[in-house]
Amino acid sequence: MSEKVVLERDDLRRTLRRIAHEIAEANPEPERLAIVGIHTRGAVIARRLHALIGELTEAEIPIGDLDISFYRDDVGARSPAAQPVVHASHVDFDLGGRTIVLVDDVLFTGRTVRAAIDALFDYGRPQRVQLAVLCDRGHRELPFRPDYVGKNLPTARSERVNVRLEETDEVDEVTISEAAEVAA
Amino acid sequence: MRHLLAIEDLERDEIEAILDRAESFAEVGRRDIKKVPTLRGRTVVSLFYESSTRTSASFELAAKRLSADLISLKAAGSSVDKGESLKDTCATLSAYDPAAIVIRHPYAGAAQLVAGWSEAAVVNAGDGKHEHPSQALLDLFTLRRRLGSLEGRRIWIVGDVLHSRVARSNLIAFQAMGAEVTLCGPPALIPRGIEQLGCTVSYSLDGIEEADVVYALRLQKERMAESFIPSIREYAARFQIDSRRLGPRQWLMHPGPVNRGVELSGEVVDSPQSLIAEQVASGLVVRMAILYELLASGERPAPAEQAPTPIGQPA
């Protein structure tokens, strides 16, 4: 199976730094900002962005993470083996009046973002929600457009985008591969 | 997992999966909006042929917090009063296409029967003297939070073991997690030969100081007409857990409802070692996890496609 690297370690880090700058620039009041990552790798990227934005703005910015398993629209339609591991969510700050930047690794159909926004609103009423993604691979099924994009990746539906991060996978890279078994 | 009928049917890793899941529902309970849409559009039936406060209340709240639609039936005040059989009641309820049926019944094996009659996932909420699996799971969850692993811990289950489905389920559950269990009570209330399940039996409270956890059972006064014990007063004198018998490092549990002054003295119920209130809180999240595991884990056979029978023609 061939895998094509589209973002190497340094590219990936530079990309995150650029997103952090964009977030800081678009939010002149950093004290009203909060970062929320979507499990699993969105939460890792959120932690990195949080550290970078913290350096840029020198503000105390709250950070949280969301597990969206309970909000999926395909509950029960997956095989038991494909069931996601459920993590607990952590959003222990007041969302009221804040701008929340939702962070995920790959934006694809938009269904995960839909679920994440539903989940977020169970914690409170943010003033504004923005979306930051490392990769946008297209094929949207819902009307979402990210506010901050690391890289646009034109892909075929049959391809897989693999985001690997040091915290979870011991390496920083993004690759594209053919999905394992495509019916001929 | 298709049904939850008995702890006996579960492997240790299945038990741990449910406890892990319950942990993530505990977080849901701390939110402003303590509800998730997971079971939206699914129907849960709760069918109680025996009285219950915490089991029925927590299963019903669990179903609601998962956004399921709930039908709650008690034997009193329903067609059961008019003599409808369990099988007919199930057939009637099946017309509502429930995803799960939670049933408590005075006869052992009732939940198993319902599982055979219905397409729904069946949860045994207590069947006669057989099992009460959700109680055992919530007790494991409560203990895991307090003690971490149960491996090598000593647990004494004290009281009317003979009539207790909680004792049976908890014995199996505690042992499955690696604890050493002692059953304690007057000889008439301990089933003969139960040592064969791998537990120790004691006919007095001597030695209870070795226990990490003392699990007291309710003395079922309604069953005591058959003179299993000389008198409640004598039972209390020999087997009541009070502040003299409960050491400061021992945890106290009880499935409720407590007969204060019989199996437990009032002061230990309210002592800092008492986990009784935590057990009730655990009940809710563990029962959410059970419903999630049964209904959202995707292990359902597709319902058979049935052509409707035209009215006026025999089926």
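Quick note: the coordinates plus some simple rules give every number you see, no bench work behind them. Being a predicted model, the structure only gives us computed values, none of them experimental. Glycine also receives a Cβ, built like all others from the backbone with ideal geometry; neighbour counts cover every protein chain displayed.
Might you report the magnitude of the Cβ-based charge dipole of the range B:133-279 about its Cα centre, with Lys and Arg at +1 and Asp and Glu at -1, to the nearest 20 debye?
Numbers: 17 positive and 17 negative charges, 41 e Å.
Around 200 debye, computed over the range B:133-279.
Normalised by the number of residues in chain A, what is the relative contact order in percent for Cα pairs under 8 Å and 6+ residues apart? Walk me through the intermediate numbers first.
Values: 336 pairs, mean separation 48.6, N = 184.
Relative CO of chain A lands at 26 percent.
Cut-off is 10 Å between beta-carbons; in what order do B:202, A:177, A:2 appear when sorted fewest neighbours first?
Working: B:202 16, A:177 13, A:2 7.
Fewest to most other Cβ atoms nearby, the residues stand as A:2, A:177, B:202.
Mind checking which lysines have their C-alpha under 17 Å from residue B:221, skipping anything on the same chain fewer than 8 residues away?
Those lysines meeting the cut-off are B:129.
For helix B:12-28, report the angle its Cα long axis makes with the longest principal axis of the Cα atoms of chain B; keep it between 0 and 90° and round to the nearest 10°.
The two axes meet at around 80 degrees.
Using Cβ counts within 10 Å as a stand-in for footprinting exposure, how do A:174, B:102, B:80 rank, fewest first? Walk me through the numbers on the way to the answer.
Numbers: A:174 24, B:102 30, B:80 18.
Arranged by neighbour count, lowest to highest, A:174, B:102, B:80 become B:80, A:174, B:102.
Just to confirm the number: angle between the C-alpha axis of helix B:133-147 and the first principal axis of chain B, 0 to 90 degrees, nearest 10?
Tilt relative to chain B: about 50 degrees.
Using Cβ contacts closer than 10 Å as the measure, can you line up B:139, B:242, A:67, A:122 from fewest to most? Please report the intermediate quantities before stating the final value.
Details: B:139 26, B:242 13, A:67 22, A:122 19.
By the 10 Å Cβ count, ascending: B:242, A:122, A:67, B:139.
Excluding residue B:53 itself, calculate the net charge of residues whose Cβ lies under 15 Å from the Cβ of residue B:53, where each Lys or Arg counts +1 and each Asp or Glu counts -1. Mind dumping the intermediate values first?
Details: positive: B:54, B:74, B:104, B:218, B:287; negative: B:50, B:60.
Here the count lands on +3.
Along the positive direction of the dipole of chain A (beta-carbon charges: Lys, Arg +1; Asp, Glu -1; about the Cα centre), which of A:34, A:158, A:124 reaches farthest?
A:158
Once amide H atoms are built 1.01 Å from N in the peptide plane, which residues 5 or more positions from residue B:182, or in another chain, come under 5 Å H to H?
Residues meeting the amide H criterion: B:155, B:156, B:157, B:200.
When Cβ neighbours within 10 Å are restricted to other protein chains, what is their mean count per residue of peptide B:36-45? Numbers along the way, then the final one.
Working: counts 7, 9, 6, 3, 3, 0, 2, 0, 0, 0.
Per-residue shielding by partner chains comes out at 3.
Can you list the lysines whose alpha carbon sits under 19 Å from that of residue A:151, skipping same-chain ones fewer than 8 residues off?
Qualifying lysines at Cα under 19 Å: A:4.
Where the convex hull is taken over the Cα atoms of the range B:1-133, what is its projected area averaged over directions, in nm²? Intermediate values should be presented prior to the final figure.
Numbers: hull surface 33.3 nm².
With every direction weighted equally, the projected area is 8.3 nm².
In whole Hz, with x marking every Gly and Pro, tabulate ³J(HN,Hα) for the range B:272-281 from phi via Karplus 6.51 cos²θ - 1.76 cosθ + 1.60, θ = phi - 60°.
Along the range B:272-281, the couplings run x, 7, 6, 9, 4, 5, 5, 4, 5, 5 Hz.
Does anyone have the angle between helix B:165-176 and the longest principal axis of chain B? Alpha-carbon axes, 0 to 90°, nearest 10?
The angle comes out near 80 degrees.
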